[in-house]
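Contents: one structure, followed by commentary.
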Amino acid sequence: MDRPRVVTGRELANPTEEQSVGMQRGQAFSHEGVWAGFATFPGGASTGWHHHAGYATYAYITSGVMTVESGPGGRDVVEVRGGDFVHIPAGLIHRESVSAEGAGGAVVRVGGTGATVVNVEGPEPPA
């Protein structure tokens, strides 16, 4: 690429929607180990357990409050608010839940190949 490429909001106007939680995800760029886009969650939504295979995920939360559960039995919990960044290591099984007002942000995934989201039954059981 020999010049900057802009993906306009109009080009993101038809994001994919995950029917189970009403989350919308829009892709801006996807190439050689990089995925960049956005995700928005309606109020009170919670994803299923999943990981991002070989992709490390970096997200900037633009609005709302998101809780990320991970670790054995899902007992490791972090809260991310509008204005915060979060890093989710490659392969980490986790799920997200959002506050009543919903949440959204910009997402960049790096280092992987293939699918960027892999759904699983749940986290490893507690020891």
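Each part gets one Cα centre, and for region 32-60 versus region 65-93 those centres are 11 Å apart. Quotient of the Cα radius of gyration of region 7-127 and 2.2 N^0.38 Å, N being its number of residues: 1.01.
Loop-located GluC sites (Glu not before Pro) in region 1-105 (DSSP state other than H, G, I, E, B) with a sparse environment of at most 15 neighbouring Cβ atoms within 10 Å: E32.
Just so you know, all these numbers are worked out from the coordinates, no wet-lab data involved. The model shown is predicted, which means the values in this text are computed figures rather than measured ones. Cβ: placed from backbone, ideal geometry, glycine included. Neighbour counts: every protein chain shown.
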